[in-house]
Amino acid sequence: MGSINVLGKEISELIAAGEVIDRPSAIVKELTENAIDSGASLVTIEIKNGGRTFIRVTDNGCGIAYEDVPTAFLRHATSKISKQSDLDSIMTLGFRGEALASICAVAKVDVLTKRPEDSLGCKYRICANVQEEYEQTGCPDGTTVIVRDIFYNVPARLKFLKKDVTEGNAIAAIVSKLALSHPDVSFRFIRDNKNDLLTAGDGKLRSAVYCVFGKEFAASLLPVDYSYNGIKVTGFTCKPLMAKANHSFQNFFINNRYVKSMTCMHAVDEAYSNSIMTGKVPSCVLYLAIPPEIIDVNVHPTKIEVRFSNEKLIYDSVYFAVKNALMTEDKEHEMNITQPQRKFTDAQLHPMFKDEKAEQLKMTAPKVEQVAFQQTGKPAYTPTAPLNSRVIQRPEPAVDVQNDKDDKEPLEENEKFQYISQSSFERPQQPVSEPVAESEIEEIVPTVIGEVFKTYIIVQAGEDIYMIDKHAAHERFIFEKLKSDVKSLDTQMLLEPVMVQLSFEEYDAIAQNPEKVQKTGFIIEPDLAPTVAVKGVPVMIADINPADLVPQIAQNLINSKVDPQLDIFDELFHSIACRSAIKANDDSSISELEVIVKAVFNSDNLKYCPHGRPIMIKLSKKDIEKQFKRIV
Ligand code: ADP
Ligand code: MG
């Protein structure tokens, strides 16, 4: 006798349901997407015990006709498509008709729904696929679905659920992404009787971001609005100094659906390279509108991980969109070095006062006073003639390797300042300092007043005082010079080729991009796949084993980096620049300082040191006058 059985309906339903619903957050996702698809402007999501015992999603959308309700719970029942060609132009979040069928297979479900055009609605109950109640009733327009006791009939699955708080957090994350993806819908999320989230639903991206991530995050963002070959990229990206510790604050939405995309992530990271602190990751909320005819976006409703038929196009649109936002960043963001202090009373500033805000203020306020004092009362140097009246010679960066130790201290000093900036980001009431935009300083003639702490050059230009970190500025200057000098690298031929085995994908990337590979200074020829023969290497890194570097070049090409040059060069240049640059605590002549000032004021790139620390901060005359209460 054969041993193949056709499974019964009940068990096959359970198996199918398991594919769609693995934990409470999957139910919330499906029900909320249905609510969005129903055209609702208000969606309320309520959960209890991490969604395990209770989930309720209420919308004010189109409702379901009384006679359609039982059908909606059948597998492959959907109102969103009816024929094959509809698949090419899906505008809704759902279309497979599997969610309700899957949910009712593993939980107890109640539905209350009414279409605006009907006078009576429908009350429906279904548990483990068995209909228990189906009647007409009076109720508000729209749909409410209540799901109780998920997996009550599948104990094995119940065991896999995590703690309520973890499941609840997963739901909160899903609701946040859905809220961000639809700024035109107002979402309310209630967790164990407490309001967790309420979004405005006014259609503005900034309000959605503000509601989901909070005021501090919203204040740290720069607008992005860019079109590239038919792809529109809008949203926000963070100011370089406000970067986070990991990638969890990078959010991408494609055609209003939340996605995870390595390509987008790499593009954003690269746009920030060399303008962000080492170890920090930029955050962003970016929306890509991609017409389906341009490129196949394989965005599967349950798979949030996406691949594109043309990754390079996506990479470039995101890269240039973000880069562009960063280039124009400070134009509309005036820097405040201090907040008007009248908000804080003397009592708050008393050293014994332990309030965090006052502590913060104490930490920053003296800095400003010191600068003001040095500048007005006791200049370290006699003011000099305007820079452009002098002949400026570029100093040759003297490579000074021994001075490493000296360099440590000022860096910590910088970090202290950085710390203050970062914490002011967390609390927007606090002083915020930002690097200065070139646009603000284009037309002014800077005068070097002197130097404080043997580290910061004090410059007056027009109505502003600038403090320039001489080491950071000089370091960045050298870094940029090194980078521009090595647009294409000199190659040293190897006596014998080094054979490097790659993955097939890496091999293809190398084989298909001979020109880009050549620019990196390597001579690499495809051999028997997936092995390549490395015949030459850049002179600068001739003693490093090519087997360690060639896969990185290949990966850079796969990730569609604009320039596949290895990160190792940036690191190399960083370290050369750091060692060659004037150190804090070095004695510097006024003319040396002037050279640095001139370089900073004349260059577009000298805004951050290569490690992403700011080079220059500004204190306006107005700010100083406010401090002295000359003006309020
Ligand atoms: P899909 O969303 O893939 O169509 P579902 O199982 O999620 O499949 O829903 C089945 C059908 O039930 C939908 O196509 C829709 O017609 C109807 N429906 C479900 N939820 C709602 C809702 N909140 N408002 C209006 N109609 C809904
Ligand atoms: Mg659905």
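The conditions are (1) out of contact with any strand residue (DSSP E or B) (no Cβ under 8 Å at 6 or more places or on another chain); (2) more than 18 Å from A65 (Cα to Cα); (3) acidic (D, E), and E132 fails exactly one of them. Which is it?
(1)
Go through the stretch 130-147 and report how many residues are closer than 24 Å to R115 by Cα and either of a type outside the set (S, T, N, Q) or at pLDDT below 90 (or both).
Here the count works out to 12.
So, E33, is that one within 11 Å of ligand 2 (Cβ to nearest atom), within 26 Å of N169 (Cβ to Cβ), at pLDDT 85 or above and in the same structural domain as D164 (by TED's automatic domain parsing) or not?
yes
For the stretch 81-92, indicate whether the set of residues that are within 15 Å of ligand 2 (Cβ to nearest atom) and within 19 Å of I126 (Cβ to Cβ) is non-empty.
No, there is no match, as no residue in the stretch 81-92 is within 15 Å of ligand 2 (Cβ to nearest atom) and within 19 Å of I126 (Cβ to Cβ).
Confirm whether L7 is out of contact with any Asp or Glu (no Cβ under 7 Å at 6 or more places or on another chain), more than 16 Å from ligand 1 (Cβ to nearest atom) and open to solvent by 50 Å² or more (accessible area, probe 1.4 Å).
Against the criterion (out of contact with any Asp or Glu (no Cβ under 7 Å at 6 or more places or on another chain), more than 16 Å from ligand 1 (Cβ to nearest atom) and open to solvent by 50 Å² or more (accessible area, probe 1.4 Å)), L7 qualifies.
Check whether at least one residue in the stretch 460-472 is in the same structural domain as C609 (by TED's automatic domain parsing), open to solvent by less than 20 Å² (accessible area, probe 1.4 Å) and among the charged types (D, E, K, R), and report yes or no.
Yes.
Yes/no matrix, rows are residues, columns are (1) touching a Lys or Arg at 6+ places or on another chain (Cβ under 7 Å); (2) within 10 Å of ligand 1 (Cβ to nearest atom); (3) among the β-branched types (V, I, T):
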site	(1), (2), (3)
M1	no, no, no
I15	no, no, yes
E30	no, yes, no
S38	no, yes, no
R52	no, no, no
T58	no, yes, yes
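Name the strands (runs of 3 or more DSSP E) wholly inside the stretch 225-295 in which the number of residues that are modelled with pLDDT under 90 and either surrounded by fewer than 21 Cβ atoms within 10 Å (Cβ to Cβ) or not assigned by TED's automatic domain parsing to the domain that holds T92 (or both) is 2 or more.
Qualifying strands (runs of 3 or more DSSP E): 257-259.
What tally of residues in the stretch 59-69 results from selecting those that are open to solvent by 10 Å² or more (accessible area, probe 1.4 Å), more than 16 Å from ligand 2 (Cβ to nearest atom) and in contact (Cβ under 8 Å) with a residue 24 or more places away in the chain?
2
Would you mind finding the one in V165, V111, V147 that is among the hydrophobic types (A, V, I, L, M, F, W, C) and away from ligand 2 (no atom under 16 Å from the Cβ)?
Unique residue meeting the criteria: V165.
How many residues are among the hydroxyl-bearing types (S, T, Y) and open to solvent by 60 Å² or more (accessible area, probe 1.4 Å) if we restrict to the stretch 204-224?
Qualifying residue count for the region: 1.
Which condition number does V539 fail, the rest of (1) crowded, with 16+ Cβ neighbours inside 10 Å; (2) over 30 Å from the mean Cα position of the chain (by Cα); (3) among the β-branched types (V, I, T) being met?
Every condition holds for V539 apart from (1).
Do the conditions hold for G121, that is, is it away from ligand 2 (no atom under 16 Å from the Cβ), open to solvent by less than 20 Å² (accessible area, probe 1.4 Å) and in contact (Cβ under 8 Å) with a residue 12 or more places away in the chain?
Here the answer is yes, as G121 does meet what is asked.
Scan the stretch 598-632 for residues that are in a helix (DSSP H, G or I) and either in contact (Cβ under 8 Å) with a residue 40 or more places away in the chain or buried (at least 23 other Cβ atoms within 10 Å of the Cβ) (or both) and report the count.
10
Among the candidates R188, R157, which residue alone is open to solvent by 20 Å² or more (accessible area, probe 1.4 Å) and in contact with a strand residue (DSSP E or B) (Cβ under 6 Å, 6 or more places away or on another chain)?
Going through R188, R157 in turn, just one is open to solvent by 20 Å² or more (accessible area, probe 1.4 Å) and in contact with a strand residue (DSSP E or B) (Cβ under 6 Å, 6 or more places away or on another chain): R188.
Enumerate the pairs (first residue in the stretch 73-100 and under 19 Å from S181 (Cβ atoms); second residue anywhere and of a type in the set (F, W, Y) and within 10 Å of ligand 2 (Cβ to nearest atom)) with beta-carbon separation below 6 Å, excluding pairs fewer than 6 apart on the same chain, so at least 6 apart or on different chains.
The qualifying pairs are K80/F95.
Look at D110 and say whether it is away from ligand 1 (no atom under 11 Å from the Cβ) and more than 17 Å from I27 (Cβ to Cβ).
Answer is no for this residue.
So which of I55, I21 is within 16 Å of ligand 2 (Cβ to nearest atom), open to solvent by less than 50 Å² (accessible area, probe 1.4 Å), modelled with pLDDT of 95 or more and among the aliphatic types (A, V, I, L, M)?
Going through I55, I21 in turn, the sole match is I55.
Is it true that A172 is in contact (Cβ under 8 Å) with a residue 24 or more places away in the chain, within 18 Å of Y258 (Cα to Cα) and surrounded by 21 or more Cβ atoms within 10 Å (Cβ to Cβ)?
Here the answer is no, as A172 does not meet what is asked.
Any chance the stretch 81-94 includes a residue that's surrounded by 17 or more Cβ atoms within 10 Å (Cβ to Cβ), within 12 Å of ligand 1 (Cβ to nearest atom) and charged (D, E, K, R)?
No: zero hits.
The values are calculated or read from the model by the stated rules, or taken from the named source; none is laboratory data. These numbers were taken from a predicted model, which means no experiment stands behind them. Please note: Cβ atoms are built from the backbone with ideal geometry, for glycine as well, and neighbour counts cover all protein chains shown. For the accessible areas, the whole protein counts, side chains as well, though only heavy atoms, and no ligand, DNA or RNA atoms are used. Shrake-Rupley method; radii C 1.70, N 1.55, O 1.52, S 1.80 Å.
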